[in-house]
Amino acid sequence: MAVRKVTDERSFTKGGGTVRTELWQDDSSGHIVKYAFAYVNAVICSADNGRVIGFDNAHSGRPRDHASTS
């Protein structure tokens with residue numbers, strides 16, 4: 001299974017935040033097989049390099065969400 005990153009975008013928000021989106025696609029089937037979304041804002045959250053919340057399926061193929069506590 002050949003996998004390639006098809007999306008790696010950063011959008012900037014008011015207040016100094018960034019929304020990051022990453023998608024990986026299986027070349028043979030065309031299906032999205034891996035994804036990660038994160039909202040990063042060091043102004044409101046100093047923990048975890050500013051990540052406020054994130055969502056991905058990188059662990060065991062199951063969706064996981066991450067919320068930093070500061």
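The values are calculated or read from the model by the stated rules, or taken from the named source; none is laboratory data. Note that the structure is a prediction, hence the values are computed from the model and not measured. Every residue, glycine among them, receives a Cβ derived from its backbone with ideal geometry; neighbour counts consider all protein chains shown. Quick note on the areas: whole protein, heavy atoms, side chains included, nothing else; ligands and nucleic acids left out. Shrake-Rupley method; radii C 1.70, N 1.55, O 1.52, S 1.80 Å.
Take segment 1-19 and flag every residue that is open to solvent by less than 90 Å² (accessible area, probe 1.4 Å) and farther than 22 Å from residue 31 by Cα.
Result: 11, 13, 15, 16, 17, 18, 19.
Could you check segment 52-69 and list, in sequence order, the residues that are modelled with pLDDT of 85 or more and either in contact with a Ser or Thr (Cβ under 8 Å, 6 or more places away or on another chain) or basic (Lys, Arg) (or both)?
Matches in segment 52-69: 52, 53.
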